[in-house]
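The values are calculated or read from the model by the stated rules, or taken from the named source; none is laboratory data. These figures come from a predicted structure and were not determined experimentally. Counting neighbours? That spans all protein chains shown, and the Cβs are built from the backbone with ideal geometry, glycine included.
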Amino acid sequence: MASPVLAPLQGMTDLAAPEVFLWQRIEDAFREVLARYGFTEIRTPVLERIEVFARAIGAETDVVQKEMYAFEDRGGRRVALRPEGTAGAIRYAAGAGATEARIFYLGPMFRAERPQAGRRRQFHQLGIEALGPPSPAADAECVALQAHLLDAIGLDGFTLRVNTRGAAGDAEAVAAGLRAALAPLADGLCADCARRRDRNVLRVLDCKQPGCRTLVQSLPPVTRFMAEPSRAYLAEVQRLLRRLEIYAVEDPLLVRGLDYYRHTIWEIAHPALGAQDALSGGGRYAIDLAGRTVEGVGFAMGLERLVMALQARGVEPADPAADRRIWIVSAGDAVREDNLVLAQALRRRGIPCSLDLAGRSLKAQMRAAGRAAVRRVVLRGEQEQARGVYRLKDMRDGSERELDLPALIEALTG
Ligand code: AMP
């Protein structure tokens, strides 16, 4: 058995070709769409002071309590690998005093969870943050952007659920209303939910235990306990979404785990994903960090799960340069150096090309070209070199043409 040192840590993976081609295609499509909406990229450090996450995400959340890779750095500061991207983006915005901004991030996140299909310890998220005061139009646009991104990578068949957390002023009434509604049902709750009923009653609504799931179906929707403007806010988001031709199912049991959400929250799931079917989640928030409040709306989408959903739909990773790539085969040692110069000249003209640099035999070079499944090979030996010509071989039908350099470039770029 190979040494464990040669493998990544549990729950973490190497990402290489051909898989990486699919990732790059997704990322390129995302960047293109995000630019159309006026979002610019932000790259925050992967390592932050622990307070950034504790304060932005909430010190009591599972992510902060149980899942962070946290340690002391050499200066004795408590730091953690980012478990999500919003906290760092908000730290940046709060530090810059920005209250309106459109930013996105794309990169690795770390959570010390039990690895399983669709649940990794290092995973990747694309997230956006549209900073600004509460606005149903901004929320609807954010949901629409998310649907557009999925569309751009060719993923259909997802489901979109929305709900509201109400305004900050609704939180107490919602908690009190739910507690009262749960009181006569308390015997049926699991042990965790019996505790949650006092401390964090909203989480009872998304408990995964079958007993609790049945029981919460009979509860009044959280909107019942909210003030009218909060209900009107959600109705307005829904109206705008319909105008944008996006159909969201209103799910009164949707809560999202974090404390900072206000008003609109949503989740997108895909049936191809199995048990971990959440593709992404988002919502409007107000986050307090070191005396500054940052308001906005955003979402984070898991790239591993997107790739899984696409693959489940039969999408295969493909080298985008495969069709255009050529292989330069040297017949004899005397031409190798010249062929290296030729390769460089072709690459500079935008033609992806490969050649053997290890002095392999003609046969081995042809085999390598075959393995790379290139459509065309340029064959060049001393004879061709002396005559200033290049043999262009079509690997599909075996036909060959002799061309001079301008004609070769024309044939390869045309
Ligand atoms: P969250 O920040 O927990 O709302 O997660 C947002 C999205 O990130 C989820 O919908 C998943 O697609 C993805 N995600 C979260 N945790 C993991 C994980 N451990 N492994 C893979 N993807 C994850």
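Being in the same structural domain as residue 395 (by TED's automatic domain parsing), outside any loop (DSSP other than H, G, I, E, B) and either closer than 26 Å to residue 395 by Cα or more than 33 Å from the chain's Cα centre (by Cα) (or both) holds for only one residue in 369, 373, and it is 369.
Among the residues of the range 395-407, what is the count of those that are surrounded by 13 or more Cβ atoms within 10 Å (Cβ to Cβ) and within 45 Å of the chain's Cα centre (by Cα)?
Step one: list which residues in the range 395-407 are surrounded by 13 or more Cβ atoms within 10 Å (Cβ to Cβ), which gives 395, 401-403, 405, 407.
Now restrict to residues that are within 45 Å of the chain's Cα centre (by Cα): 395, 405, 407.
Summing the residues that are surrounded by 13 or more Cβ atoms within 10 Å (Cβ to Cβ) and within 45 Å of the chain's Cα centre (by Cα) in the range 395-407 gives 3.
So which residues in the range 167-184 are touching a helix residue (DSSP H, G or I) at 6+ places or on another chain (Cβ under 8 Å) and either under 15 Å from residue 205 (Cα atoms) or among the small types (Gly, Ala, Ser) (or both)? Talk me through it step by step, then tell me what you get.
Residues of the range 167-184 touching a helix residue (DSSP H, G or I) at 6+ places or on another chain (Cβ under 8 Å): 167, 170, 173-179, 182.
Once the filter is applied, which keeps residues that are touching a helix residue (DSSP H, G or I) at 6+ places or on another chain (Cβ under 8 Å) and either under 15 Å from residue 205 (Cα atoms) or among the small types (Gly, Ala, Ser) (or both), the range 167-184 yields 167, 173, 174, 175, 176, 177, 178, 179, 182.
Put simply, of 274, 291 the only residue that is away from the ligand (no atom under 16 Å from the Cβ) and out of contact with any Lys or Arg (no Cβ under 9 Å at 6 or more places or on another chain) is 291. In the range 16-35, the condition of being in contact (Cβ under 8 Å) with a residue 40 or more places away in the chain, exposed (fewer than 15 other Cβ atoms within 10 Å of the Cβ), part of a loop (DSSP other than H, G, I, E, B) and assigned by TED's automatic domain parsing to the domain that holds residue 256 is met by at least one residue.
Contact map, the range 48-73: first residue within 21 Å of residue 298 (Cα to Cα), second residue hydroxyl-bearing (Ser, Thr, Tyr) and modelled with pLDDT of 90 or more, Cβ cut-off under 7 Å, separation 6 or more or different chains; pairs are 56/86.
Matching residues to (1) among the charged types (D, E, K, R); (2) in a loop (DSSP other than H, G, I, E, B); (3) over 30 Å from residue 23 (Cα atoms); (4) over 31 Å from the mean Cα position of the chain (by Cα):
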| position | (1), (2), (3), (4) |
| --- | --- |
| 306 | no, no, no, no |
| 311 | no, no, no, no |
| 315 | no, yes, no, no |
| 327 | no, no, no, yes |
| 336 | yes, no, yes, yes |
| 339 | no, no, yes, yes |
| 357 | no, yes, no, yes |
| 363 | yes, no, yes, yes |
| 384 | yes, no, yes, yes |
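Restricted to the range 88-147, and to residues there that are assigned to a strand (DSSP E or B) and among the small types (Gly, Ala, Ser), the residue that is farthest from the ligand (Cβ to nearest atom) is 101. Within the range 184-226, the residues that satisfy the criterion of being assigned to a helix (DSSP H, G or I), of a type in the set (Lys, Arg) and loosely packed, with under 15 Cβ neighbours inside 10 Å are 195, 199, 213, 224.
Please find, among 249, 222, the residue that is away from the ligand (no atom under 16 Å from the Cβ), farther than 24 Å from residue 132 by Cα, within 25 Å of the chain's Cα centre (by Cα) and not acidic (Asp, Glu). Steps first, please.
Numbers: 222 fails: within 25 Å of the chain's Cα centre (by Cα).
Within the list 249, 222, the selection yields 249.
Restricting 189, 160, 131 to those that are touching a Cys at 6+ places or on another chain (Cβ under 9 Å) and either touching a residue at least 12 places away in the same chain (Cβ under 8 Å) or assigned by TED's automatic domain parsing to the domain that holds residue 59 (or both) reduces the list to 189. Among the numbered conditions (1) in contact with a Leu (Cβ under 8 Å, 6 or more places away or on another chain); (2) assigned to a loop (DSSP other than H, G, I, E, B), the only one that residue 258 does not meet is (1).
Residue 140 falls short on exactly one of the conditions (1) surrounded by 18 or more Cβ atoms within 10 Å (Cβ to Cβ); (2) over 30 Å from residue 167 (Cα atoms), and that condition is (2).
For the range 85-102, give me each residue that is under 18 Å from residue 126 (Cα atoms) and surrounded by fewer than 22 Cβ atoms within 10 Å (Cβ to Cβ).
Initially, the range 85-102 is screened for residues under 18 Å from residue 126 (Cα atoms), giving 85-93, 101-102.
Passing the criteria: 92, 101, 102.
Kindly indicate the residue of the range 72-87 that is assigned to a strand (DSSP E or B) and within 16 Å of the ligand (Cβ to nearest atom) and also nearest to the chain's Cα centre (by Cα) among those meeting that condition. If we take residues in the range 72-87 being assigned to a strand (DSSP E or B) and within 16 Å of the ligand (Cβ to nearest atom), then 81 is nearest to the chain's Cα centre (by Cα).
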